[in-house]
Amino acid sequence: MSDQHPITPPPELVQQWINEEDGLTAGHIATQAARWGADQELEACCEWFVRDWTDIETADNLRAARRPKPPSLKEQAKFAAAVLRSPDETCSIAELQQHWHIICNALEQLDD
């Protein structure tokens, strides 16, 4: 019997992560491995719903809840504009500048 945990990245994938960072940061590899393992577990749970309960909708809802899509640039810009319109006292200059850059990036994506 193998001592390898069922959620262990294949050696080729680990090597790819090492190559991405020239082997300099163990943190990057650990993060990638944790994400990969979490994705494997999520997919196993979703497959279980479908296989044992034929519940594709619940599997899709679980996947969407656990791996939400990041907000679009448009959504980020709308939020940034709202913050810039009425910043509260907790906003630092750096945060305000970051919001400004998000709006500028969104404007650059618009067609002329």
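Quick note: the coordinates plus some simple rules give every number you see, no bench work behind them. Quick caveat: nothing in here was measured; it's all calculated off a predicted structure. So basically every Cβ, Gly included, is an ideal-geometry build from the backbone, and we count neighbours across all protein chains shown.
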| query | Residues Ala33, Ala81, Ala94: which one is small (Gly, Ala, Ser) and surrounded by fewer than 14 Cβ atoms within 10 Å (Cβ to Cβ)? | reply | Ala94
| Residue ID - farthest from Asp39 (Cα to Cα), chosen from residues in segment 83-103 that are out of contact with any helix residue (DSSP H, G or I) (no Cβ under 9 Å at 6 or more places or on another chain) and hydrophobic (A, V, I, L, M, F, W, C) | Ile93
| field | Subset of segment 57-79 [in contact (Cβ under 8 Å) with a residue 24 or more places away in the chain and in a helix (DSSP H, G or I)] | value | Arg66, Leu73, Lys74, Gln76, Ala77
